[in-house]
Amino acid sequence: MNQDAMTGADRPVRTPVRFPRGPVMLDVAGIELSGEERERLCDPLVGGVILFKRNFRDSEQLLALTSAIRALRDPALVITVDHEGGRVQRFRGDGFTPLPAMRRLGSLWEKDHVAALDAARTVGFVLAAELLAHGVDLSFTPVLDLDYGVSSVIGDRAFHRDPQVVASLAAALAAGMAEAGMGCVGKHFPGHGFIEADSHVQIPVDSRTFEAVWSEDIAPYRHRLMRQLSGVMPAHVIFENIDPQPAGFSRFWLQDVLRGRLGFDGVIFSDDLTMEGATVVGDIVARSRAAHAAGCDMVLVCNRPDLAADLLDRWAPEVTDASRRRIGALVANRSGGRFADPYALELDPAYREARDTVRALTDVG
């Protein structure tokens with residue numbers, strides 16, 4: 001029997017590889033790890049894994065997958081997912097509650113501010129509790145882009161058009177996530193909502209002035225919410241009248257503005273470097289070098305195992321102690337958490353009440 005054909009029970013127990021977490025985050029192809037993926041995730045450059053819809057069959061399988069990933073390394077890799085609610089909820093069905101799109105919370109705000117804040121906190125709590133119970137450390141949420149009504153890729157993922165409403169609802173969502181034991185990642189800095197182009201398949205260009213972006217799109221990052229964010233993900237958007245590089249490759253946006261003017265000291269994640277919006281910088285190694293030099297602590301390479309292999313073969317970054325500290329802080333409370341497994345969820349009365357509230361909220365629309 002070859003290694004890729006072995007089941008989890010058949011595969012021999014391996015001693016975890018001991019390396020500090022590196023600055024690369026990769027994905028995996030299916031519902032369990034292949035032998036090639038195990039070797040790749042043990043590369044010293046790798047520090048995390050991002051999961052997708054294809055990696056989920058049911059609750060038991062997901063827990064087995066995250067356990068297998070965690071067992072590869074010491075310290076264990078950071079396990080993440082884009083799990084926002086609405087159309088961007090990677091895990092659905094067994095073990096997971098349907099979460100509303102964030103625009104639903106913005107619509108509720110128009111009727112009742114207090115009810116909207118309560119709902120946002122409850123959604124955040126359920127979102128984080130269910131992920132943590134399945135071995136996932138972090139969700140790339142909340143979306144802090146403003147709903148200008150022109151971006152199809154953002155659309156109802158945004159809370160609202162008003163930056164103060166976005167900040168308030170996102171802060172409540174983050175508070176609910178923190179109550180469950182999870183940090184959060186604001187995206188897509190400094191803003192992706194103003195333009196129609198989708199950076200997955202196009203190179204978006206925003207022609208506004210810095211003052212316009214600062215007063216509108218960056219306003220949520222100037223809110224007290226900033227102190228709640230464990231990470232920030234910049235956009236693959238070129239603000240042509242401010243800097244010629246996309247924001248995720250720009251020292252101006254990441255160092256001068258995000259680290260400097262805003263004082264952010266959490267992890268900066270690149271957006272997926274295989275997206276069309278990143279191709280202006282060069283090949284995968286050039287993109288990673290540029291993102292890292294601009295200030296990204298961790299670069300994401302998704303859906304292209306060939307590019308991931310190329311990057312691991314040819315990139316030799318210098319990783320600072322400060323960057324490793326920030327990445328380590330993402331999972332500082334991993335052991336001994338409130339929701340150690342899916343069974344702990346059903347034993348928690350606060351979770352059961354919150355889940356019922358979220359179900360009712362989602363059913364309304």
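The values are calculated or read from the model by the stated rules, or taken from the named source; none is laboratory data. Keep in mind it's a predicted model, so treat the numbers as computed, not measured. Reconstructed Cβ throughout: ideal geometry from the backbone, glycine too, with neighbour counts over all protein chains shown.
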Is at least one residue of the range 46-68 closer than 19 Å to ARG314 by Cβ and crowded, with 21+ Cβ neighbours inside 10 Å? yes
Under the condition of being within 14 Å of the chain's Cα centre (by Cα) and more than 14 Å from ILE50 (Cβ to Cβ), which residue from the range 133-144 is surrounded by the most Cβ atoms within 10 Å (Cβ to Cβ)? PRO142
Every residue from the range 145-154 that is among the charged types (D, E, K, R) and surrounded by fewer than 24 Cβ atoms within 10 Å (Cβ to Cβ): ASP147
With the condition kept exactly as written, say whether any residue in the range 59-80 is out of contact with any Gly (no Cβ under 8 Å at 6 or more places or on another chain), assigned to a strand (DSSP E or B) and among the small types (Gly, Ala, Ser). no
Would you be able to say whether some residue in the range 202-215 is polar (S, T, N, Q), buried (at least 17 other Cβ atoms within 10 Å of the Cβ), more than 18 Å from ILE242 (Cβ to Cβ) and touching a helix residue (DSSP H, G or I) at 6+ places or on another chain (Cβ under 9 Å)? no
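Among GLY266, GLY277, GLY295, GLY337, which is farther than 19 Å from PRO190 by Cα and touching a residue at least 12 places away in the same chain (Cβ under 8 Å)?
One residue alone meets the criteria, GLY337.
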Filter result (out of contact with any Leu (no Cβ under 6 Å at 6 or more places or on another chain) and either part of a strand (DSSP E or B) or of a type in the set (Lys, Arg) (or both)) within the range 17-37: VAL17, ARG18, ARG21, LEU26
Test of understanding: among ASP265, ASP271, which residue is part of a loop (DSSP other than H, G, I, E, B), within 21 Å of the chain's Cα centre (by Cα) and among the charged types (D, E, K, R)? ASP265
Take ASP256 and decide whether it is modelled with pLDDT of 95 or more and touching a helix residue (DSSP H, G or I) at 6+ places or on another chain (Cβ under 8 Å). no
What pairs come out if I take residues in the range 224-246 that are surrounded by fewer than 21 Cβ atoms within 10 Å (Cβ to Cβ) and pair them with residues that are acidic (Asp, Glu) whose C-beta lies under 8 Å away, six or more apart or interchain? GLU240/ASP206
Regarding the range 293-304, can at least one residue be identified that is crowded, with 19+ Cβ neighbours inside 10 Å and in a helix (DSSP H, G or I)? yes
Tell me, yes or no, whether the range 262-273 has at least one residue that is over 28 Å from HIS160 (Cβ atoms), aliphatic (A, V, I, L, M) and surrounded by 23 or more Cβ atoms within 10 Å (Cβ to Cβ). yes
